[in-house]
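Each remark here refers to the structure printed beneath this line.
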Amino acid sequence: MSFETTMTSDVVGLTRVAPVSRRGFMSATAAVAAGYTLAAGPVRAEIITTDTSGLQAGDARIKVGSEEMPAYFARPAGNTKAPVIIVAMEIFGLHEYIKDVTRRLAKLGAFAVAPDYYFRKGVDLTKVTDIKDLLPVVNAKPDAELLSDLDATVAWAGSQGGDTTKLGIIGFCRGGRNVWEYAAHSGTLKAGVAFYGAPVDPANPVWPKSPLQLAPEMKAPVLGLYGGADTGIPVAQVEQFKAVLEQDKKIAEFKIYPQAPHGFHADYRGSYRKDAAEDAWKQAQAWFKKYGVFS
């Protein structure tokens, strides 16, 4: 099996969540109509929805070299100097959950932007129904290109009046891994929050260094939020990562929710765990306040 179709640890954790009964879930038609990606599995009927009242929100195009990257943004209406927070999405594309998280951050006072950094493959990931069809696209994304895309997102937010001196990043699943990568890359990032981002990558020529290997290069404080019942990211691996960061005198904190599986914040999936998700969201806000993203 080629790397492109390999189940990476974030995907393993995603697909091995305890089976859920179909009760309490939307039909596939309703889930698609609501803007969710079917490849992530059944969509819960009780999703969190955040409105746009008091916000300016919508789609954008971000210049990256000679191309234009689609993005979704939300910010407080009339606030031109809001702190900027990048939302690094999972592997399911720019679907409704990621857009809703973007609006949640805007309600807290951020200019939040979720870039669609898989856009070059010409596949709308939100329309893919089988996770196996996603893997060749997302596993082929080079880190160098990813980091350039995130830099372009920051530059765009700055050009729109966002305050990039108060820059944060938050990410989920593969996006959580990308938070660690960006914290080792960006000299202007104030803080990052990584939800269940894999510390170790399988060998892949387009991913030169895993977060664990990048530990000595971390430039910004990162909060890691993990599930003790994540079948793809063992607690021992998280503890190893924590130890290496401490040894390198990097600012990082970890919170492990013992009963929570991978994807515990994803309120649209069966993996959602309300108590862990709500506590983690509070921890994320406190982290951003502590390190100067939110004043």
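The values are calculated or read from the model by the stated rules, or taken from the named source; none is laboratory data. A quick note: this is a predicted structure, and the numbers were derived from the prediction, not measured. All Cβ positions, even for glycine, are placed from backbone atoms using ideal geometry, and neighbour counts span all protein chains on display.
Please tell me if W207 is modelled with pLDDT of 95 or more, part of a helix (DSSP H, G or I) and of a type in the set (F, W, Y). Give the steps one after another, and end with the answer.
Numbers: modelled with pLDDT of 95 or more: yes; part of a helix (DSSP H, G or I): no; of a type in the set (F, W, Y): yes.
No: the conditions fail for W207.
Looking at T129 and the list (1) within 24 Å of F264 (Cβ to Cβ); (2) outside any loop (DSSP other than H, G, I, E, B); (3) touching a residue at least 60 places away in the same chain (Cβ under 8 Å), which single condition is not satisfied?
Going through the list (1) within 24 Å of F264 (Cβ to Cβ); (2) outside any loop (DSSP other than H, G, I, E, B); (3) touching a residue at least 60 places away in the same chain (Cβ under 8 Å), T129 breaks only (2).
Can you spot a residue in region 85-107 that is among the β-branched types (V, I, T), farther than 19 Å from Y196 by Cβ and in contact with a helix residue (DSSP H, G or I) (Cβ under 6 Å, 6 or more places away or on another chain)?
No: zero hits.
Identify all residues within region 29-53 that are part of a helix (DSSP H, G or I) and closer than 19 Å to I91 by Cβ; write none if there are none.
Answer for region 29-53, where residues must be part of a helix (DSSP H, G or I) and closer than 19 Å to I91 by Cβ: A31, V32, L38, A39, A40.
Among the residues of region 252-278 satisfying the criterion of being outside any loop (DSSP other than H, G, I, E, B) and of a type in the set (A, V, I, L, M), which is surrounded by the most Cβ atoms within 10 Å (Cβ to Cβ)?
Only one residue tops the list, namely A276.
Output the number of the condition that A194 fails; it satisfies all remaining conditions of (1) surrounded by 24 or more Cβ atoms within 10 Å (Cβ to Cβ); (2) more than 23 Å from A144 (Cβ to Cβ); (3) without any contact (Cβ under 8 Å) to a residue 60 or more places away in the chain; (4) not hydroxyl-bearing (S, T, Y).
The single condition A194 does not satisfy is (2).
Just for region 47-62: of the residues that are out of contact with any strand residue (DSSP E or B) (no Cβ under 8 Å at 6 or more places or on another chain) and surrounded by 12 or more Cβ atoms within 10 Å (Cβ to Cβ), which one is farthest from G162 (Cα to Cα)?
Applying the filter and picking the extreme gives I47.
Does Y97 count as of a type outside the set (K, R), under 21 Å from T164 (Cβ atoms) and surrounded by 21 or more Cβ atoms within 10 Å (Cβ to Cβ)?
For Y97, the condition - of a type outside the set (K, R), under 21 Å from T164 (Cβ atoms) and surrounded by 21 or more Cβ atoms within 10 Å (Cβ to Cβ) - is not met.
With respect to K249, is the statement that it is of a type in the set (K, R) and surrounded by fewer than 17 Cβ atoms within 10 Å (Cβ to Cβ) true?
In short, yes.
Six or more apart or on different chains, Cβ under 8 Å: which pairs go from a residue in region 22-40 that's under 13 Å from E96 (Cα atoms) to one that's in a loop (DSSP other than H, G, I, E, B) and among the acidic types (D, E)? Could you list them?
Close Cβ pairs satisfying both conditions: A40/E90.
Considering each residue of region 157-186, count those that are more than 8 Å from the chain's Cα centre (by Cα) and either over 22 Å from Y118 (Cβ atoms) or not in a helix (DSSP H, G or I) (or both), and give that number.
13
Residues of region 119-144 being in contact with a helix residue (DSSP H, G or I) (Cβ under 8 Å, 6 or more places away or on another chain), farther than 19 Å from S9 by Cβ and not basic (K, R), which ones?
Once the filter is applied, which keeps residues that are in contact with a helix residue (DSSP H, G or I) (Cβ under 8 Å, 6 or more places away or on another chain), farther than 19 Å from S9 by Cβ and not basic (K, R), region 119-144 yields V123, L125, V128, T129, D130, D133.
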